[in-house]
Amino acid sequence: MRVKMTRDISTWTMVQQHLEKEMRRVNDEIRNYPAPIPACDAQFNYLLEEREALSSGLVRVREFMKEDSDAEDARRFIDAFLSVSTYVGDSVKREIRALIDTGER
């Protein structure tokens, strides 16, 4: 029987909440960006790219949370996701990996 372990769901929830927090931060920056916005404004374009990357990351996290995966698959996916994510800071990555290693949450 393939079942997600509670700590893996909690870990994914933590990742999801972190990405959602970053998405709110980026959306606030875009919303409060001074007008006018020239097409060649590198900072604004960077914020738009950042928002798209965060959105894609959230989609991946939410899709995986819906899957019927065993604990080992979840751990591998979490580790792979954290390895490539630029929107999850090092301290959050360490905390998430510690949760996985200790089996807490």
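Residues that are farther than 26 Å from ILE78 by Cα, of a type outside the set (Lys, Arg), at pLDDT 90 or above and in a helix (DSSP H, G or I) within region 18-45 comprise ASP28, GLU29, ILE30, listed in sequence order. Residues in region 22-74 that are hydroxyl-bearing (Ser, Thr, Tyr), without any contact (Cβ under 8 Å) to a residue 12 or more places away in the chain and under 30 Å from ILE100 (Cα atoms): SER56 alone. Within region 63-105, the set of residues being outside any helix (DSSP H, G or I) and either more than 12 Å from MET14 (Cα to Cα) or within 12 Å of the chain's Cα centre (by Cα) (or both) comprises GLU67, ASP68, SER69, ASP70, SER85, THR86, TYR87, VAL88, GLY89, GLY103, GLU104.
When region 30-59 is limited to residues that are of a type in the set (D, E, K, R) and surrounded by fewer than 15 Cβ atoms within 10 Å (Cβ to Cβ), the one that is farthest from the chain's Cα centre (by Cα) turns out to be ASP41.
The values are calculated or read from the model by the stated rules, or taken from the named source; none is laboratory data. A quick note: this is a predicted structure, and the numbers were derived from the prediction, not measured. Cβ atoms come from the backbone with ideal geometry, glycine included; neighbour counts cover every protein chain shown.
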